[in-house]
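*Asks:* Got a structure for you, questions after.
The values are calculated or read from the model by the stated rules, or taken from the named source; none is laboratory data. Owing to the predicted nature of the structure, the values given are computational and were not obtained by experimental measurement. Cβ sites come from the backbone with ideal geometry, for glycine too, and all protein chains shown count toward neighbours. In case anyone asks, the SASA skips ligands and DNA or RNA and just uses the protein heavy atoms, side chains included. Shrake-Rupley method; radii C 1.70, N 1.55, O 1.52, S 1.80 Å.
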Amino acid sequence: MIQEAFIYLRGFAKRSYSVMEIRTGFATGLPVLSGGLFGACLVGQIKLLELLLFTIAGFSFNIIANTANEMRAFLANEENEETFTGHKGSEGLVRGDARFTDAVLILLLMLGLGGGSGLLLVWLTKSVWLFFWGCVSVVAAVTYSLGPKPYLLYPITELVSGFFVGGLSCYLSAYVQTGYNSWVLVWYSLIAMIFTIFLMSTNNIGDYKKDMGVRVTLPHVIGFRNAILLLIPEAIIMLLAWTGLFFLQVIPWWQYLIGWLIFYRQGYVRWYKDYYTIQEVYPEMGREYGPRPLLLIYHFHGWMSLLFIIRLLGERQ
């Protein structure tokens, strides 16, 4: 029995990777990181342990949602060779690269890691408000795909995921650093929220035909082309929020321009310029365009995190 357990655990890490969709886990971890560093810049000092704990919790909660989604797709038999993206970090259950027991164990481990980090963070901050939203976020991560009425089945996934994965996590991370609520935290978090909506929308648009008869997404309600066009007013709101932070002098001109460069390069040139011209869904669409909003998230929050660190170091000299 011990030998069987050892054999099982020896390949667990490799099998786990095929289920967790780690690359999208950073879609929460990075906004938490940059949001926290943004808040630290506002007050001129950083609470490093709190930032680390929040980043771990945010990343873990995203993995919980990803794993739950993989479990549902497996149980509902929604995936097949025609719908595979080819990414080795996902679809492991339906491909047979991982076992259902692996997914359950991953879910429990991430609940322990994320929940433990979150509880320690609440203990450090003594914030009941943070505890409340942390509990709600865990429930949202699990019920995204699992339960009798998962909200993945309805055309609200983009908004709900945007709120929890991008906006709320970013806002609370900044709040932990500043110790107060403010509109500038809302505006920065709004950018993170819209980025997540971009990611979810692109996924739903790419799965337009695959999801028919299985669940109702926003593109099914408003139409394929309208779903693509809807990204334009969302992007305008994002740019207005970024510009507002500049005019309020919480973002210096050089960081503001770097942000615009990232929006242009990763958001327009490498994604929306060609995406806008698509007239109808095709089989490779999700595989081709799905990662592009993720790259926008990586670049913006990654670079902003680095720039916030540089600003913090500059203020100490």
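*Asks:* Can Y175 be described as open to solvent by 10 Å² or more (accessible area, probe 1.4 Å), touching a residue at least 12 places away in the same chain (Cβ under 8 Å), of a type in the set (S, T, Y) and not in a loop (DSSP other than H, G, I, E, B)?
*Replies:* yes
*Asks:* On the given criteria, is L146 touching a helix residue (DSSP H, G or I) at 6+ places or on another chain (Cβ under 8 Å) and open to solvent by 50 Å² or more (accessible area, probe 1.4 Å)? Talk me through it step by step, then tell me what you get.
*Replies:* On the way: touching a helix residue (DSSP H, G or I) at 6+ places or on another chain (Cβ under 8 Å): yes; open to solvent by 50 Å² or more (accessible area, probe 1.4 Å): no.
Against the criterion (touching a helix residue (DSSP H, G or I) at 6+ places or on another chain (Cβ under 8 Å) and open to solvent by 50 Å² or more (accessible area, probe 1.4 Å)), L146 does not qualify.
*Asks:* A further question on this structure: How many residues are open to solvent by 80 Å² or more (accessible area, probe 1.4 Å) and within 17 Å of L48 (Cα to Cα) when one looks only at the stretch 123-133?
*Replies:* Total meeting the criteria: 2.
*Asks:* Do we have any residue at all in the stretch 250-259 that's within 20 Å of the chain's Cα centre (by Cα) and either on the phi < 0 side of the Ramachandran plot or in contact (Cβ under 8 Å) with a residue 12 or more places away in the chain (or both)? If you could, list the steps in order and put the result at the bottom.
*Replies:* Start the filter on the stretch 250-259 by keeping residues that are within 20 Å of the chain's Cα centre (by Cα), which leaves 259.
Add one more test, that the residue is either on the phi < 0 side of the Ramachandran plot or in contact (Cβ under 8 Å) with a residue 12 or more places away in the chain (or both), and what stays is 259.
Yes; the residues of the stretch 250-259 include at least one that is within 20 Å of the chain's Cα centre (by Cα) and either on the phi < 0 side of the Ramachandran plot or in contact (Cβ under 8 Å) with a residue 12 or more places away in the chain (or both).
*Asks:* Also, quick follow-up: For the stretch 86-122: of the residues being within 18 Å of V32 (Cβ to Cβ) and of a type in the set (A, V, I, L, M, F, W, C), which is least open to solvent (accessible area, probe 1.4 Å)? If you could, list the steps in order and put the result at the bottom.
*Replies:* Going through the stretch 86-122, the residues within 18 Å of V32 (Cβ to Cβ) turn out to be 110-111, 113-122.
With of a type in the set (A, V, I, L, M, F, W, C) added as a condition, the list becomes 110-111, 113, 119-122.
Details: M110: 31, L111: 59, L113: 82, L119: 104, L120: 75, L121: 5, V122: 29 Å².
The extreme case among them is L121.
*Asks:* Among (1) farther than 22 Å from H299 by Cβ; (2) in contact (Cβ under 8 Å) with a residue 40 or more places away in the chain; (3) assigned to a helix (DSSP H, G or I), which single condition is I228 missing?
*Replies:* (1)
*Asks:* If M193 passes every condition in (1) farther than 17 Å from S34 by Cα; (2) free of Cβ contacts under 8 Å to residues at least 60 places away in the same chain; (3) surrounded by 16 or more Cβ atoms within 10 Å (Cβ to Cβ) but one, which one does it miss?
*Replies:* (1)
*Asks:* Could you check the stretch 277-308 and list, in sequence order, the residues that are out of contact with any Phe, Trp or Tyr (no Cβ under 8 Å at 6 or more places or on another chain), free of Cβ contacts under 8 Å to residues at least 60 places away in the same chain and within 14 Å of R23 (Cβ to Cβ)?
*Replies:* H299
*Asks:* Among the listed residues V165, V214, which satisfies the condition of being in a helix (DSSP H, G or I) and on the phi < 0 side of the Ramachandran plot?
*Replies:* Working: V214 fails: in a helix (DSSP H, G or I).
After ruling out the rest, the residue left standing is V165.
*Asks:* Further, regarding this structure: For the stretch 162-172: of the residues being in contact (Cβ under 8 Å) with a residue 60 or more places away in the chain and touching a Leu at 6+ places or on another chain (Cβ under 9 Å), which is nearest to L120 (Cα to Cα)?
*Replies:* My answer is L172.
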